[in-house]
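Structure, as structure tokens:
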Amino acid sequence: MDPVAPATDPHGEIRDAVRQLCANFPGEYWRLLDAQRGYPTEFVAALTEAGYLAALIPEEYGGSGLPLSAAAAILEEVQASGCNGGACHAQMYIMGTILRHGSKAQKQKYLPPIAAGKLRLQAFGVTEPTSGTDTTSLRTRAERQGEHYVVNGQKIWTSRAEHSDLMLLLARTTPREAVRKKTDGLSTFIVEMGEALGKGLTIRPIRTMMNHNSCEVFFDNLRVPAANLVGEEGRGFRYILDGMNAERLLIAAECIGDAKWFIGKACAYARERVVFGHPIGRNQGVQFPIARAYAEMRAAEAVVRQGLAKFDAGLPCGEEANMGKLLAAAASWAAGEACVNTHGGFGFAEEYDIERKFRETRLYQVAPISTNLILSYIGEHVLGMPRSY
Ligand SMILES: Cc1cc2nc3c(=O)[nH]c(=O)nc-3n(C[C@H](O)[C@H](O)[C@H](O)COP(=O)(O)OP(=O)(O)OC[C@H]3O[C@@H](n4cnc5c(N)ncnc54)[C@H](O)[C@@H]3O)c2cc1C
């Protein structure tokens, strides 16, 4: 039995089809982009044409109206094939805010062109340099002036900002001192980036250890139509929180895909590489870390699938989403470690793609939410201990 074959699940056909699509984007494709810090335009176009990035858009708006578990299966297979869903995964979880809280007019305006691949919704402007994880301390202001909001401030780590037509922006509309709860007074907006560039919106790429197309974004009296406010003014933080479980489950699915890729590579190499007259995989020092990583990946997968099942059934799933993300990020990192060690020196050679995937999967212990903050969630919300911050 192939130890990394996907377990039987209702999305088997989607998984097969995604794997077939990904086979057209082999290691060389990603290696070149990695060196250039380029955007995988062709890959994203192929996923879009096949309808995968519109999986969560309801059919009435031109999408496939699939459950979150299908989106997770898509992203997991992308990663398990050695590709990088980080180029486009945000479209799947940003969508939820517009779907749940956007007006009918906003949905009619944006969702069909997103589903058709004419618009990309890939940028999510939440994190700021001074506030970091403490989101409610963010400083970007949006002030209502007639039929517009005027936005001033700065975001950091806004991934894919240069490659997205739309950004979902979180900004403060009522000063923190003037609200009863610090979570009040924040609002979400759809920013049409093409329209805004050069008219108050500036984007500056940040070079990072892996190819993630992250940017700094500056707002200088940017005018955003009031019609682009999503939901009610002042309730934006709740809308973003609403989307967190979906985001965590999808990222966890990506980590599981990464772990499967590393484990598959490590097993294959351990079976064929002969040193001291026998395959290195016969040595338990080589075999056990891979076996352990596999067990950890399977445990994470079980929690993530539980979370997805609850999410799709409309049940609370904060515990599973957070634990799934924590365990899956740890499992993909352990699998990456085992894979590098198994390959010895070749683990560091670019042409094996292992060092690239190793760098890529490291991100998920810090973003979109750090492991510490997940532990805080479990400590406080699951185990009832006092809040630490
Ligand atoms: C490549 C990349 C892409 C990203 N993409 C996006 C994006 O598209 N949109 C977006 O909005 N953001 C994005 N982010 C930002 C990401 O969500 C944040 O980096 C992450 O949430 C951590 O915030 P911070 O970097 O400000 O760290 P800080 O908040 O400064 O935290 C630093 C460290 O301190 C720890 N820490 C802080 N407070 C506590 C506490 N109370 N208890 C224990 N530990 C604590 C954290 O765990 C972390 O390890 C991205 C980041 C990266 C690196």
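Starting from the alpha-carbon convex hull of the range 312-389, give the projected area averaged over all orientations, in nm². Walk me through the intermediate numbers first.
On the way: hull surface 27.6 nm².
Averaged projected hull area, Cα only: 6.9 nm².
Per residue of the range 313-324, in order, report the coupling 6.51 cos²θ - 1.76 cosθ + 1.60 (Karplus, θ = phi - 60°) as ³J(HN,Hα) in whole Hz, putting x for Gly and Pro.
8, x, 9, x, 9, x, 4, 5, 5, 6, 5, x
Compare G277, G132, G51 in a GNM of the chain, Cα atoms joined below 10 Å, and give the one with the largest fluctuation.
G277
Hey, in the GNM for the chain with a 10 angstrom Cα cutoff, which one of G257, G324, G200 fluctuates hardest?
Maximum fluctuation in the GNM of the chain, among the listed residues, is at G200.
Based on the mean of other beta carbon atoms within 10 Å per residue, what is the order of 173-186, 101-114, most packed first?
Working: 173-186: 15.0, 101-114: 16.9.
Peptide ranking by packing, descending: 101-114, 173-186.
Amide H of T127: which non-local residues (sequence gap of 5 or more, or other chain) have their own amide H closer than 5 Å, using H built in the peptide plane?
Hits under the 5 Å cutoff: I156.
Given H placed 1.01 Å from N in the peptide plane, which residues other than close sequence neighbours of V230 have an amide H under 5 Å from its amide H?
T188, F189, I190
Given the Cα atoms of the range 56-189, and with Rh set as the inverse mean 1/r over their pairs in the Kirkwood sense, what is Rg to Rh to two decimals? Before the final figure, lay out the partial values.
Values: Rg = 16.4 Å, Rh = 16.4 Å.
We get a ratio of 1.00 for the range 56-189.
Going by how many other Cβ atoms sit within 10 Å of their own, how do E128, E350 line up, fewest first? Intermediate results must be reported in sequence, preceding the final value.
Working: E128 23, E350 12.
Final ranking by Cβ density, sparse to dense: E350, E128.
Once each part is reduced to its C-alpha centroid, what is the distance from the range 158-225 to the range 278-306 in angstrom?
Here the answer is 41 Å between Cα centres.
Using a 7 Å offset from the Cα along the Cα-to-Cβ direction at both F348 and Y29, what is the distance between the two label points in nm, to one decimal?
3.0
So what's the net charge close to F25: Lys and Arg +1, Asp and Glu -1, counting the other residues with Cβ under 15 Å from its Cβ? If you can, show how the numbers build up before the last one.
Values: positive: R19, R31, R356, K357; negative: E28, D34, E42, E49, E77, D353, E360.
That sum, taken over residues with Cβ under 15 Å, equals -3.
So for each of 54-61, 373-380 I average, over its residues, the number of other beta carbons within 10 Å; can you give me the resulting order with the highest mean first? The partial results should precede the final answer.
On the way: 54-61: 19.5, 373-380: 16.2.
The peptides rank, most packed first, as 54-61, 373-380.
In Å and whole numbers, how far do the C-alpha atoms of the range 121-235 stretch along each principal axis, longest first?
Principal extents (largest minus smallest coordinate, Cα): 41, 29, 21 Å.
HN-Hα J couplings of the range 135-149 from phi, Karplus 6.51/-1.76/1.60, θ = phi - 60°, integer Hz, Gly and Pro as x?
With coefficients 6.51, -1.76 and 1.60, one gets 4, 6, 8, 4, 10, 4, 10, 10, 10, 6, 9, x, 8, 10, 10 Hz.
Tell me, what HN-Hα J-couplings in whole Hz come from the Karplus equation 6.51 cos²θ - 1.76 cosθ + 1.60 at θ = phi - 60° for each residue of the range 250-261, using x for Gly and Pro?
Calculated HN-Hα couplings, in order: 5, 5, 4, 4, 5, 4, 5, x, 4, 4, 5, 4 Hz.
Expressed as a whole number of Å, what is the distance separating the alpha-carbon centroids of the range 339-384 and the range 21-50?
Here the answer is 22 Å between Cα centres.
Under a no-solvent Debye model with one identical scatterer per Cα of the range 178-287, what's log10 I(q)/I(0) at q = 0.10, 0.14, 0.24 Å⁻¹?
-0.59, -0.84, -1.21
What whole-number value in cubic angstrom gives the convex hull volume per residue for the C-alpha atoms of the range 12-115?
Numbers: hull volume 9.5 nm³, N = 104.
Per-residue hull volume (Cα only) is 91 Å³.
At 37 °C and 0.692 mPa s, grab the translational diffusion coefficient of the chain from Stokes-Einstein with a Kirkwood Rh over Cα pairs, rounded to a whole number in µm² per second.
Values: Rh = 21.6 Å.
For these conditions, the coefficient is 152 µm²/s.
Rg and Dmax of the range 241-382, Cα atoms, in Å?
Spelled out, the Cα radius of gyration and Dmax of the range 241-382 are 16.5, 56 Å.
What aspartates and glutamates could a cross-link reach from K104, if we take a straight Cα to Cα line under 13 Å and drop same-chain neighbours fewer than 8 places away?
Once the sequence-local aspartates and glutamates are set aside, what remains near K104 is E60.
Quick one: which residues, 5 or more positions from L222 or on another chain, have an amide H under 5 Å from its amide H? H modelled 1.01 Å from N in the peptide plane, none for Pro or chain starts.
Counting only residues 5 or more places away or on other chains, the set is V151.
Based solely on its DSSP helices, what 222 nm [θ] is calculated for the chain when runs of n ≥ 4 H residues each add -39,500 (n - 2.57) and the sum is averaged over all residues, nearest 500 deg cm²/dmol? Don't skip to the answer; put the middle values down first.
Details: 13 runs with 178 residues, N = 389.
Taken over the chain, the calculation gives -14500 deg cm²/dmol.
Given R₀ = 41 Å, what would the calculated FRET efficiency be for K181 paired with Q108, taking r from the Cβ atoms and rounding to 0.05?
Details: r = 33 Å, r/R0 = 0.80.
Efficiency computed from Cβ-Cβ geometry: 0.80.
Using a/c under 1.5 as the rounded threshold, could you call the range 77-150 rounded, prolate or oblate? The axes a ≥ b ≥ c are square roots of the C-alpha gyration tensor eigenvalues, and prolate needs a/b larger than b/c, oblate otherwise. Walk me through the intermediate numbers first.
On the way: a/c = 2.69, a/b = 1.23, b/c = 2.19.
Judged from the Cα gyration tensor, the range 77-150 comes out oblate (a/c at least 1.5, b/c at or above a/b).
Using a Gaussian network for the chain with springs between C-alpha atoms less than 10 Å apart, which of these wobbles most: V303, V275, V340?
V275
Coordinate-derived values only; no laboratory data. Since the model is a prediction, treat every value here as computed from it, not as a measurement. Here Cβ is always computed from backbone atoms with ideal geometry, including for glycine, and neighbour counts include all displayed protein chains.
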